[in-house]
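Chemist: Here it is, the structure in full.
The values are calculated or read from the model by the stated rules, or taken from the named source; none is laboratory data. Just so it is clear, the model here is predicted, and its values are computed rather than measured. So basically every Cβ, Gly included, is an ideal-geometry build from the backbone, and we count neighbours across all protein chains shown.
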Amino acid sequence: MSDLVLRQASNQISATKLGAVPVQSFFDEATFTVSYVVHDPATGHAVIIDSVLDYDPASGRTSFASADAIIAYVRAEGLTVDWLLETHAHADHLSAAPYLQGQLGGQLAIGAEIVIVQNTFGKLFNAGTEFARDGSDFDKLFKDGDQFQIGTLPAMALHVPGHTPADLAYVIGDAVFCGDTLFMPDYGTARADFPGGDARQLYRSIRRLLSLPETARVFLCHDYKAPGRDSYAWETTIGAERAGNVHVHEGVSEDTFVMLREARDATLAMPRLILPSVQVNMRGGRLPPPEDNGIRYLKIPLDTV
């Protein structure tokens, strides 16, 4: 993880001259997920981050209300979608990126280490040879420090593994979209017990993010309402995380964090939608191909996870 990459990200945040980058959030209470539309006010070019496909596990039905709300906003604002960004292969909701791409265009992107996730879960789900494990379900695989544009807005991908091997944070203007790496200061940090997760690596990724300017706005992928808090929240700052994150504020050592994180993870149940989510999201949000009867099926491996 290059210091040069961090300096470039810090300079980008500090040099944003247009004021706060416009960010529209969409909260899905069923999965506690926040999706975002970020746009360049000078050109109307936009990105969509971490979209949600509605899925009812009892009936096996998918629907598009959450994605359609994003489409309605994009069209009402007259925006042009350049990118559909995933911070990682989510284990708690299905991505709606292919549906949004069909309606709005744009390139689908994720971190280059998604190939590790694809190989791990391709084996778990016994995916056939039709499932390529080379990242080709995505249009772009970002590496640490890769820079791109959203109209005139500068954007950068930061590799922040630990929750999964492939997690990315996106720095867009003065805003940081950190995926599951961090939660609100009163809730803490992501779990690190999924295949390929690592609490020590997570700590180092978080410290990396916390070295960004304290004024940077931080937008989270989830909120679960910490005890004592009545409302959901998903925007904070690097300064607030440094000062008050209950797991990893300034002064918390790596060894202390790892002990806390691993002890907490040992008490957590698996996410309700992990099995459908991962086998869809490892394919870039595409559902498994239909079988010879024309029906698509999700697999539930028994006595493994």
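Chemist: Name every residue in segment 55-76 that is touching a strand residue (DSSP E or B) at 6+ places or on another chain (Cβ under 7 Å) and either under 27 Å from residue 165 (Cα atoms) or not polar (S, T, N, Q) (or both), in order of residue number.
Modeler: 55, 64, 65, 67, 69, 70, 73, 74
Chemist: Moving to a separate point now. It is to be established whether one or more residues within segment 281-295 are over 23 Å from residue 205 (Cα atoms) and β-branched (Val, Ile, Thr).
Modeler: yes
Chemist: Taking segment 138-150, which residues are under 24 Å from residue 42 (Cα atoms), surrounded by fewer than 18 Cβ atoms within 10 Å (Cβ to Cβ) and out of contact with any helix residue (DSSP H, G or I) (no Cβ under 8 Å at 6 or more places or on another chain)?
Modeler: Let us first name the residues in segment 138-150 that are under 24 Å from residue 42 (Cα atoms), namely 146-150.
After this cut, where a residue has to be surrounded by fewer than 18 Cβ atoms within 10 Å (Cβ to Cβ) as well, the list is 147, 149.
Correct list: 149 only.
Chemist: Which numbered condition trips up residue 272, out of (1) under 20 Å from residue 94 (Cα atoms); (2) surrounded by 19 or more Cβ atoms within 10 Å (Cβ to Cβ); (3) basic (Lys, Arg)?
Modeler: (2)
Chemist: Within segment 79-98, is there a residue that is touching a strand residue (DSSP E or B) at 6+ places or on another chain (Cβ under 9 Å), of a type in the set (A, V, I, L, M, F, W, C) and surrounded by fewer than 21 Cβ atoms within 10 Å (Cβ to Cβ)?
Modeler: No, the conditions are met nowhere in segment 79-98.
Chemist: Here's another thing I want to ask about it. So residue 258 fits all but one of (1) in contact with a Ser or Thr (Cβ under 8 Å, 6 or more places away or on another chain); (2) surrounded by 13 or more Cβ atoms within 10 Å (Cβ to Cβ); what number is the exception?
Modeler: (1)
Chemist: Here is a check on your reading of the model: is residue 236 in a helix (DSSP H, G or I) and either at pLDDT below 95 or polar (S, T, N, Q) (or both)?
Modeler: No.
Chemist: Being closer than 17 Å to residue 265 by Cα and not aromatic (Phe, Trp, Tyr) narrows it down to one residue among 237, 164; which is it?
Modeler: None of the other options fit; the residue is 164.
Chemist: Of all residues in segment 49-87, count the ones that are outside any strand (DSSP E or B), touching a residue at least 24 places away in the same chain (Cβ under 8 Å) and among the acidic types (Asp, Glu).
Modeler: Counting residues in segment 49-87 that are outside any strand (DSSP E or B), touching a residue at least 24 places away in the same chain (Cβ under 8 Å) and among the acidic types (Asp, Glu) gives 3.
Chemist: Scan segment 238-255 for residues that are surrounded by fewer than 17 Cβ atoms within 10 Å (Cβ to Cβ) and not hydrophobic (A, V, I, L, M, F, W, C) and jot them down.
Modeler: Result: 239, 244, 249, 250, 251, 253, 254, 255.
Chemist: Give segment 215-227 a look and list any residue that's without any contact (Cβ under 8 Å) to a residue 40 or more places away in the chain and either surrounded by 17 or more Cβ atoms within 10 Å (Cβ to Cβ) or farther than 20 Å from residue 179 by Cβ (or both), or say none.
Modeler: 227 - this is the single residue of segment 215-227 that is without any contact (Cβ under 8 Å) to a residue 40 or more places away in the chain and either surrounded by 17 or more Cβ atoms within 10 Å (Cβ to Cβ) or farther than 20 Å from residue 179 by Cβ (or both).
Chemist: Identify the residue in segment 54-78 that is aliphatic (A, V, I, L, M) and surrounded by fewer than 23 Cβ atoms within 10 Å (Cβ to Cβ) and, among all such residues, is farthest from residue 218 (Cα to Cα).
Modeler: Among those that are aliphatic (A, V, I, L, M) and surrounded by fewer than 23 Cβ atoms within 10 Å (Cβ to Cβ), it is 58.
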